[in-house]
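What follows is one structure encoded as structure tokens, with my remarks underneath.
The values are calculated or read from the model by the stated rules, or taken from the named source; none is laboratory data. What you see is a predicted model; the values in this text were computed from it and never measured. Virtual Cβ from ideal backbone geometry, glycine too; neighbours counted across all protein chains shown. Heavy atoms of the whole protein, side chains included, go into the accessibility calculation; ligands, DNA and RNA do not. Shrake-Rupley method; radii C 1.70, N 1.55, O 1.52, S 1.80 Å.
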Amino acid sequence: MSEPKLLLDGLGMPESARWHDGRLWFTNWIEQQVVAVDADGKAEYFDVPVEQLMGWSIDWLPDGRMLTTGDKLRRYEPDGSVTVLAEQRANELVVDARGNIYLNGADFNFAGGEAPKPGFIKLVAPDGTVREVAWDIQFPNGMLVTPDGRTLIISESFAGQLTAFDIDPDGGLSGRRVFADGLAPDGITMDAAGAVWVQTGGFSVVRVAEGGEILQRVELQENRAPFALMLGGPDRRTLFICTAEWHLADDHVANLERLATGPRTGEILALPVEVPGTGRP
């Protein structure tokens, strides 16, 4: 496998990578931007009204309207206006083909060093109702929905595992089980063979099968941590890796403070792969 190549740099903390409308989209934490970049590295930057520096994400409804999380769940209308769908603070989100919006989060200040509390997954249904559909999630992070729309997989970062749920006809979640463990997952992406690209906790990413078998490994440069992954490109055979400088000798509070106040070390890397991406996002 070839080495990842630099596509874009000078970013804050790139997260929540999505392949949408022929471009890679992601959140640029700290700068409060959504960024879209094409295969040649030409980027557009969009300011968004999210009122927190970190811990927010993007996705799209089936009708093409963009959503952001953070301090609230917001929807971006074609006329440029913004609608608040829910007064719910959340980190990641994923939208299924029926328009069900799955949000996750936890009620503690991670960046400030507060002691962890178990988190949740909440469902915002197309009719606007909000209900909790999973709980006791150990630092909920990236999520995906399989291409058949029947399974949701979530990163439980503090548990070191990917956890799968069945998606019920009413949008609820059941059948909780471990998809793979021994990891340090954040933003994840699935390929057409049913494997998931995921983080390991150091400076590498792996392609893992259900049950935990490591199928491939990609090493990054030292102190270059991968936060979010997305299979995209014209045939979805490019692995995009959102990274920024991270020092394992420092705790997460010190690392996040340096990212917020120091040099902009965020980068997008691109790597060709054999098996194309699938599912949502």
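Just the residues that are at pLDDT 95 or above and under 22 Å from Asn109 (Cβ atoms), please, taken from the range 54-70. Correct list: Trp56, Ser57, Thr68, Thr69, Gly70. Of the residues examined, Gly182 is one that is in contact with a strand residue (DSSP E or B) (Cβ under 8 Å, 6 or more places away or on another chain) and either over 25 Å from Arg98 (Cα atoms) or open to solvent by less than 20 Å² (accessible area, probe 1.4 Å) (or both).
Each residue in the range 42-71 was checked for being under 17 Å from the mean Cα position of the chain (by Cα) and of a type outside the set (Phe, Trp, Tyr), and 15 of them qualify.
Screening Glu15 on (1) more than 25 Å from Thr265 (Cα to Cα); (2) assigned to a strand (DSSP E or B) shows it passes everything except condition (1). Checked across the range 66-86, the condition of being closer than 24 Å to Phe165 by Cα, free of Cβ contacts under 8 Å to residues at least 60 places away in the same chain, open to solvent by 10 Å² or more (accessible area, probe 1.4 Å) and in a loop (DSSP other than H, G, I, E, B) holds for no residue.
Looking only at residues of the range 104-161 that are among the acidic types (Asp, Glu) and loosely packed, with under 15 Cβ neighbours inside 10 Å, we find that the one that is modelled with the lowest pLDDT is Glu114. Selection over the range 236-275 of residues that are open to solvent by 30 Å² or more (accessible area, probe 1.4 Å), closer than 30 Å to Ala192 by Cα and assigned to a loop (DSSP other than H, G, I, E, B) gives a count of 4. Within the range 19-31, the set of residues being open to solvent by less than 10 Å² (accessible area, probe 1.4 Å), within 19 Å of Arg280 (Cα to Cα) and either assigned to a loop (DSSP other than H, G, I, E, B) or not aliphatic (A, V, I, L, M) (or both) comprises Phe26, Thr27. Cβ-Cβ distances below 9 Å connect the following pairs, each with a first residue in the range 238-264 that is at pLDDT 95 or above and among the aliphatic types (A, V, I, L, M), a second residue that is open to solvent by less than 50 Å² (accessible area, probe 1.4 Å) and part of a helix (DSSP H, G or I), and a separation of six or more residues or different chains: Ala244/Asn255; Ala244/Leu259. Taking first residues from the range 105-126 that are more than 12 Å from Gly55 (Cβ to Cβ) and partners that are open to solvent by 70 Å² or more (accessible area, probe 1.4 Å) and acidic (Asp, Glu), the Cβ contacts under 6 Å between residues at least 6 apart in sequence or on separate chains come to Lys117/Asp107; Pro118/Asp136; Phe120/Glu132; Lys122/Glu132.
Within the range 214-224, the residues that satisfy the criterion of being in contact (Cβ under 8 Å) with a residue 24 or more places away in the chain and either among the charged types (D, E, K, R) or over 23 Å from Ala164 (Cα atoms) (or both) are Val218, Leu220, Asn223, Arg224. Working only within the range 127-153, note down all residues that are in contact (Cβ under 8 Å) with a residue 12 or more places away in the chain and either of a type in the set (S, T, N, Q) or part of a loop (DSSP other than H, G, I, E, B) (or both). Those that are in contact (Cβ under 8 Å) with a residue 12 or more places away in the chain and either of a type in the set (S, T, N, Q) or part of a loop (DSSP other than H, G, I, E, B) (or both): Gly128, Gln138, Phe139, Asn141, Thr146, Pro147, Gly149, Arg150, Thr151.
Kindly indicate whether any position in the range 144-160 is farther than 17 Å from Trp56 by Cα and of a type in the set (S, T, N, Q). Scanning the range 144-160 turns up at least one residue that is farther than 17 Å from Trp56 by Cα and of a type in the set (S, T, N, Q).
Taking the conditions (1) under 17 Å from the mean Cα position of the chain (by Cα); (2) modelled with pLDDT under 95 in turn, Ala39 satisfies each one other than (1).
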